[in-house]
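Every number in this text was worked out from the coordinates using simple rules, so none of it is lab data. Because the structure is predicted, anything quoted here is derived from the model rather than measured. Note that each Cβ is placed from the backbone with ideal geometry, even for glycine, and that neighbours are counted across all protein chains shown.
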Amino acid sequence: MAEEARLVGSSYGAENAEMVRQPVLSPDFDFLYKVEASGPFNASHCFQCRKCTNGCPVSFAMDIFPDRIIRLAILGQTAEVLNSRTIWICASCETCSTRCPNGVRIAELMDYFKELAVEAGIRPALPAVAVFYRTFLDNLKLTGRVFEAGLLPTYWVRSRQVVSMFKSGEMRKNVEQAVKLFMKKRLSALPGAVRGRGEIRSILRSSRPHGRSQ
Amino acid sequence: MMKATYYPGCSLEGVARDYADSIKCVCALMDVELQEIPDWNCCGATAAHSINRRASIELPRRNLRLARTLGNPDMLVPCPLCFNRLKTAVHDLELRNPCSEPPQGLEFPKIWDLAAFFATDEKLEKIASRVQKRLEGLSVVSYYGCMASRPPYITGAPDYENPLSLDKIVKTLGATPIDWPYKTDCCGASLIVSMPGAGLKMVEKLLDMARRFGAEAVVVSCQMCQGNLDMYQDRIEADTGKHYGLPIIYFTELIGLAWRLAEAGGWLSRHFIDPVPLLLRKGLMAGRG
């Protein structure tokens with residue numbers, strides 16, 4: 001089903017003949033009901049005015065524009081939505097949700113789709129973003145607050161970027177930046193610990209979405 | 001002396017120490033006693049609301065519960081993302097219990113974005129009364145970023161497409177606030193780490209526009225925006241061959257400068273793009289304090 005959805009979804013507007021030969025859409029029309037039952041997202045209120053896409057500051061890095069993500073969700077093209085780069089590159093700046101004339105919570109939907117993708121065990125189209133978020137939350141489990149000096153190194157290791165960063169010179173730039181921050185007393189070597197960190201851990205553990213996220 | 005609950009947020013203990021120090025100093029002189037929430041925790045930030053919605057509500061809710069024990073009517077939050085997440089947690093509770101008023105004494109404090117708190121008429125008057133040296137001749141753009149304004153159904157911001165709090169403060173200090181179109185355009189936040197190609201592009205766009213409108217510095221209230229525009233500026237210059245040299249100054253630091261506080265030099269020395277040469281050139285600083 002994923003493959004079919006991909007074929008049809010990626011040919012919209014372009015190869016009409018191809019679409020006629022591939023008429024099988026397998027839309028999951030229950031998807032919209034599931035979305036609408038999961039939060040006050042108002043996805044079905046979308047009338048495709050594209051205000052969201054027009055104001056989006058990250059649209060240049062998206063594979064599917066936000067208005068199309070909403071449309072695909074309404075049409076039950078689950079795989080297209082959950083496999084997109086768009087849901088991961090969204091910077092959560094909330095311009096879309098703010099400007100939508102119909103109250104569609106587009107940015108919140110992007111979060112919801114990310115969570116669904118993780119739950120479904122779908123490999124994120126932008127694994128680095130997913131690994132960063134996961135590393136951030138794991139970092140919190142240590143002390144209940146962000147331990148900045150530990151966050152980025154852990155992220156680089158877990159996203160398997162260390163070697164390529166050394167090769168590209170990116171590592172040198174980052175180390176220089178960290179040293180500078182340290183010299184300016186803006187990076188503490190030890191994390192500040194929250195007494196109630198057990199509580200923080202249980203919040204993060206009990207609500208941790210299951211399934212692999214990478 | 002007014003007492004206010006204070007939620008600094010994680011980065012003000014580390015990368016944004018300059019912001020934290022300037023806030024403490026300026027608030028003390030404004031007769032605002034900051035009472036830090038005991039044992040506060042991280043709000044979960046973008047990571048939590050992206051992949052763990054429940055935690056994104058539960059984490060700030062713990063802070064709200066702790067904040068209630070202090071019993072102050074107002075709570076000041078300098079980090080716009082923390083502000084946004086705390087407000088979202090309150091909003092979530094109201095959605096769940098639309099009819100029930102919280103029992104007496106158990107109300108949450110009013111959550112303030114720090115810049116909005118400083119831009120009330122009363123506080124502006126207080127800021128003005130302490131100005132020793134008006135920052136005449138300094139032209140700046142105010143950069144608000146996203147989270148103090150959007151979405152308005154969370155933030156309650158009345159002027160979310162064209163916020164004015166920082167501009168009002170800048171004007172009170174004698175500097176010139178330039179009207180520019182990217183006040184609330186996103187800096188990319190953590191994308192600069194996870195998707196540097198996209199993140200750097202977004203910062204470059206902002207710096208370009210600030211230059212085009214003749215800004216000599218950018219005034220901010222968000223430490224994430226400050227970090228992205230300040231710490232990565234030399235890298236963008238190296239990558240693109242453009243030159244900016246734009247200091248990115250917290251509004252609380254700017255207040256300290258106009259008040260001629262000796263501490264201001266120390267705060268500014270923690271920046272990557274050194275604001276001191278510009279301030280010396282304009283005669284707005286007596287030398288490193």
Which residues in the range A:76-101 place their backbone N less than 13 Å from a point set 7 Å from the Cα of A:Met165 along the Cα-to-Cβ direction?
none
What's the whole-number percent of alpha carbon pairs in the range B:186-289 lying beyond 16 angstrom?
56 percent
Which of A:Lys141/B:Lys171; B:Lys87/B:Lys123; A:Lys173/B:Lys183; A:Lys51/B:Lys126 exceed 32 Å between C-alpha atoms? The answer is A:Lys141/B:Lys171; A:Lys51/B:Lys126
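Which value, in debye to the nearest 20, gives the size of the charge dipole of the range B:1-94 about its Cα centre, when Lys and Arg are +1 and Asp and Glu are -1 at the Cβ? Please report the intermediate quantities before stating the final value.
On the way: 11 positive and 11 negative charges, 80 e Å.
For the range B:1-94, the charge dipole is close to 380 debye.
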May I ask you to derive the relative contact order of the range A:62-214, considering only C-alpha pairs under 8 Å and at least 6 residues apart, and to give it as an integer percent?
26 percent
Among B:Leu164, B:Leu86, A:Leu140, rank each residue by its count of other Cβ atoms within 10 Å, from fewest to most, as a rough exposure measure.
B:Leu164, B:Leu86, A:Leu140
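If chain B were replaced by its equivalent ellipsoid, with semi-axes equal to the square roots of 5 times the Cα gyration tensor eigenvalues, what would those be, largest first, whole Å? Provide the component values of the computation, followed by the final result.
Details: eigenvalues 191, 108, 52 Å².
Semi-axes from the Cα gyration tensor: 31, 23, 16 Å.
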Over every pair of different alpha-carbon atoms in the range A:74-214, take the mean of 1/r and invert it; report that Kirkwood radius in Å.
17.4 Å
Using alpha-carbon positions, the gyration tensor of the range B:12-71 gives root eigenvalues a ≥ b ≥ c; with a/c under 1.5 called rounded, otherwise prolate if a/b exceeds b/c, else oblate, the class is oblate
If unit charges are put on Cβ atoms (+1 for Lys and Arg, -1 for Asp and Glu) and the dipole of the range B:133-281 is taken about its Cα centre, the option from B:Pro247, B:Gly199, B:Cys186 lying farthest towards the positive end turns out to be B:Pro247
How long are the semi-axes of the ellipsoid equivalent to the protein assembly as shown, from square roots of 5 times the Cα gyration tensor eigenvalues, in whole Å, largest first?
38, 26, 23
A correct fewest-to-most ranking of B:Cys187, A:Cys100, B:Cys27 by other Cβ atoms within 10 Å would be B:Cys27, A:Cys100, B:Cys187
So for B:Thr176, B:Thr184, B:Thr252, fewest C-beta neighbours within 10 Å to most, what's the order?
B:Thr176, B:Thr184, B:Thr252
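Would you mind estimating how fast the range B:126-249 diffuses translationally, via Stokes-Einstein at 25 °C and 0.890 mPa s with the Kirkwood radius over Cα pairs, in µm²/s? It would help to have the intermediate numbers written out before the result.
On the way: Rh = 15.1 Å.
Translational diffusion coefficient: 163 µm²/s.
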Taking N as the number of residues in the range B:96-171, the ratio of its alpha carbon radius of gyration to 2.2 N^0.38 Å works out to 1.45
Take the eigenvalues of the Cα gyration tensor for the range A:127-206, scale each by 5, and report the square roots as semi-axes in whole Å, largest first.
25, 18, 6
